[in-house]
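Taking it in order: structure first as structure tokens, then the write-up.
The values are calculated or read from the model by the stated rules, or taken from the named source; none is laboratory data. All values reported here derive from a predicted model rather than from experimental measurement. For neighbour counting, all protein chains shown are included, and Cβ atoms are generated from backbone atoms with ideal geometry for every residue, glycine included. These accessible areas exclude ligands, DNA and RNA; they are computed on the full protein's heavy atoms, side chains included. Shrake-Rupley method; radii C 1.70, N 1.55, O 1.52, S 1.80 Å.
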Amino acid sequence: MIDIHSHVLPGVDDGARTLEESVEMLRLAAASGTTDIVATPHASPEFTFDSQRVRSFYRELSDKCKAFISLHLGCDFHLSYANLVDALRAPQKYTINQGKYLMVELPELVAFGSVREGLNQLIRAGITPIITHPERNMSLQHKRDELLRWVKDGCLVQVTAQSFLGRFGPAAKNSAEKLMNAELVHFIASDAHDCVDRTPDLSAAYKYISSKYSPERAELLFISNPFCVLHGEPVSSNLPRESKISTLFALSK
Ligand SMILES: [Fe+2]
């Protein structure tokens, strides 16, 4: 599997605290079947994204673990005005493997008009925003029609693996399943922060998706689509079929 969202770099945000913990997280990821993982430290009002510091930790951790897992670099990019301006100025500071894909985290209280405009500014600059865990965002849980608009604009959607297993409560699980039924999920990733609670082990979620939906769907969301992101290839956006769109709107009410 390929995990495009994790907080495995040590001491840069609320993820791994030490290099030892980072290595332990990567060992756990590898042992559970992950071959590649993207380190996506927060760039948010709470956590400054110091690109030089991040790159230096990334190189150190990558070297230490290259025998058992491939580490890649991206950012968990909070969509604030200051961040947006900086990403438009220097997109490769934040994008995955300095390519075109950017993980975008939205504020808990979403101002839909400004967010859509911000996302479209990124798209016009050649960046493909990947909206991270909308199922955990209380504003978006009830506004899936808005998410559909953003996907039609050119955004993609990543859901957190543990949301399907109930870690973030019934509302997030319910929203994750509705997004799956509406074919509005392009990636499932761990958003791992540690080795105990929010871990990088994707295996249980992979099994769940495989049996509840289909093995092909699991393969697409955990392997094929993330592979395209790592290599800068287009991801099939699987826009919902018209029949699914009416379901989506009904479900979002
Ligand atoms: Fe995250």
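Numerical summary
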read-out	value
Test set (1) among the hydrophobic types (A, V, I, L, M, F, W, C); (2) within 11 Å of the ligand (Cβ to nearest atom); (3) surrounded by fewer than 16 Cβ atoms within 10 Å (Cβ to Cβ) - L19 fails condition number	(2)
Of all residues in the range 43-101 being part of a loop (DSSP other than H, G, I, E, B) and among the aromatic types (F, W, Y), the one that is farthest from D14 (Cα to Cα)	F68
The range 89-105 residues that are at pLDDT 95 or above and open to solvent by 40 Å² or more (accessible area, probe 1.4 Å), paired with ones that are in a strand (DSSP E or B) and more than 16 Å from the ligand (Cβ to nearest atom) (beta carbon under 9 Å, 6 or more apart)	K100/T128
Condition check for D86: more than 22 Å from T199 (Cβ to Cβ) and away from the ligand (no atom under 14 Å from the Cβ)	yes
Residue tally, condition touching a helix residue (DSSP H, G or I) at 6+ places or on another chain (Cβ under 7 Å) and either under 15 Å from A204 (Cα atoms) or open to solvent by less than 10 Å² (accessible area, probe 1.4 Å) (or both), over the range 163-179	9
Helices (runs of 4 or more DSSP H) lying entirely in the range 195-253 (those with 2 or more residues that are modelled with pLDDT under 95)	242-251
Conditions (1) buried (at least 24 other Cβ atoms within 10 Å of the Cβ); (2) within 16 Å of the ligand (Cβ to nearest atom); (3) outside any helix (DSSP H, G or I): number failed by L184	(2)
Hey, D50 more than 16 Å from the ligand (Cβ to nearest atom), out of contact with any helix residue (DSSP H, G or I) (no Cβ under 9 Å at 6 or more places or on another chain) and either among the hydrophobic types (A, V, I, L, M, F, W, C) or open to solvent by 40 Å² or more (accessible area, probe 1.4 Å) (or both) or not	yes
Matching residues in the range 148-162 - criterion: being small (G, A, S) and either farther than 16 Å from D76 by Cβ or surrounded by fewer than 21 Cβ atoms within 10 Å (Cβ to Cβ) (or both)	G154
Checklist (1) open to solvent by 10 Å² or more (accessible area, probe 1.4 Å); (2) in contact with a helix residue (DSSP H, G or I) (Cβ under 6 Å, 6 or more places away or on another chain); (3) not charged (D, E, K, R) applied to I37, failing item	(1)
Members of the range 107-123 found to be at pLDDT 95 or above and either closer than 19 Å to H186 by Cα or open to solvent by 40 Å² or more (accessible area, probe 1.4 Å) (or both), listed by number	R116, E117, L119, N120, Q121, L122, I123
Meets criteria (within 16 Å of the ligand (Cβ to nearest atom) and part of a helix (DSSP H, G or I)) for A29	yes
Condition met for D191 (away from the ligand (no atom under 16 Å from the Cβ), acidic (D, E) and touching a residue at least 40 places away in the same chain (Cβ under 8 Å))	no
Failed item, numbered, when D14 is tested on (1) more than 18 Å from the chain's Cα centre (by Cα); (2) open to solvent by 60 Å² or more (accessible area, probe 1.4 Å); (3) within 16 Å of the ligand (Cβ to nearest atom)	(1)
